[in-house]
Amino acid sequence: MEKGYSQEKIIILHLKDNVGIIKKDVNKGEKIVIEEEKFKNTIEVREKIPYRFKIALKDIHAGDEIIKSGELIGRAKEEITKGEMVHVHNIEGLRGRGDLKVKNKETL
């Protein structure tokens with residue numbers, strides 16, 4: 001497994017992730033600078049994001065997969081700009097969805 005990244009404001013659990021987890025409340029306009037070579041990025045926070053919520057590490061298009069811990073956790077319902085909060089208002093969760101398992105069995 002790829003080693004993640006952590007600093008004062010953010011945790012990125014896996015190199016494949018397109019979302020990070022906020023470690024303390026951040027406000028609109030703050031910059032999160034990630035200097036670690038593999039994760040190098042500067043993110044301008046687009047809105048207030050509370051502790052433990054997700055933030056987009058890059059622009060995510062409607063229909064794109066949301067990856068956290070190197071695993072698919074959902075799909076974007078709308079365009080999500082780098083620095084925006086990623087939560088139930090803009091993603092469709094795909095984990096623990098019994099209805100998706102049923103649909104897959106019916107199509108077999």
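Spin-label point model (7 Å from Cα, Cβ direction): what's the residue 31 to residue 6 distance in nm?
It works out to 2.6 nm between the two label points.
At a Cα cut-off below 19 Å, give the aspartates and glutamates reachable from residue 24, other chains included and same-chain residues fewer than 8 away excluded.
Qualifying aspartates and glutamates at Cα under 19 Å: 8, 35, 44, 47, 84.
Over the stretch 5-107, what is the mean sequence separation of C-alpha contacts under 8 Å (at least six apart), divided by residue count, expressed as relative contact order in percent?
Here the relative contact order equals 24 percent.
Please give, to one decimal in nm, the separation of the simple spin-label points placed at residue 15 and residue 79, each 7 Å out from Cα toward the Cβ.
3.1 nm
Return the sequence-ordered ³J(HN,Hα) values of the stretch 20-30 in whole Hz as given by the Karplus equation 6.51 cos²θ - 1.76 cosθ + 1.60 applied to θ = phi - 60°, using x for Gly and Pro.
Taking θ as phi minus 60°, the curve returns x, 10, 6, 8, 7, 3, 10, 10, 3, x, 5 Hz for the stretch 20-30.
What does the net charge come to around residue 33 if you take all other residues with beta carbon closer than 11 Å to its beta carbon, with K and R at +1 and D and E at -1?
-2
For the stretch 1-102, which chymotrypsin sites (Phe, Trp or Tyr not before Pro) pass both filters: DSSP loop (anything but H, G, I, E, B) and at most 11 other C-beta atoms within 10 Å?
Answer in residue order: 51.
Semi-axes, largest first, in whole Å: what does sqrt of 5 times each Cα gyration tensor eigenvalue give for the chain?
27, 16, 11
I want the local charge near residue 75. Using Cβ-Cβ distances under 10 Å, sum +1 for each Lys or Arg and -1 for each Asp or Glu among the other residues. Could you put the intermediate results ahead of the total?
Details: positive: 77; negative: 64, 65, 92.
Around residue 75, the surrounding residues sum to -2.
Which lysines, on any chain, are close to residue 3 with Cα under 16 Å apart, when same-chain ones fewer than 8 places away are left out?
Here the lysines satisfying the reach criterion relative to residue 3 are 16, 38, 40, 68.
Please identify, among 68, 77, 38, the residue showing maximal mean-square fluctuation in a Gaussian network model of the chain using a 10 angstrom Cα cutoff.
Checking each option, the largest mean-square fluctuation is seen for 38.
What net charge is computed for the residues neighbouring residue 46, neighbours being all others with C-beta under 14 Å from the C-beta of residue 46, Lys and Arg scored +1, Asp and Glu -1?
With Lys, Arg at +1 and Asp, Glu at -1, the net is -1.
Read-outs: derived from the displayed coordinates by stated rules, not from any lab. These numbers come from a predicted model, not from an experiment. Every residue, glycine as well, gets a Cβ built from its backbone with ideal geometry; the counts of neighbours run over all protein chains shown.
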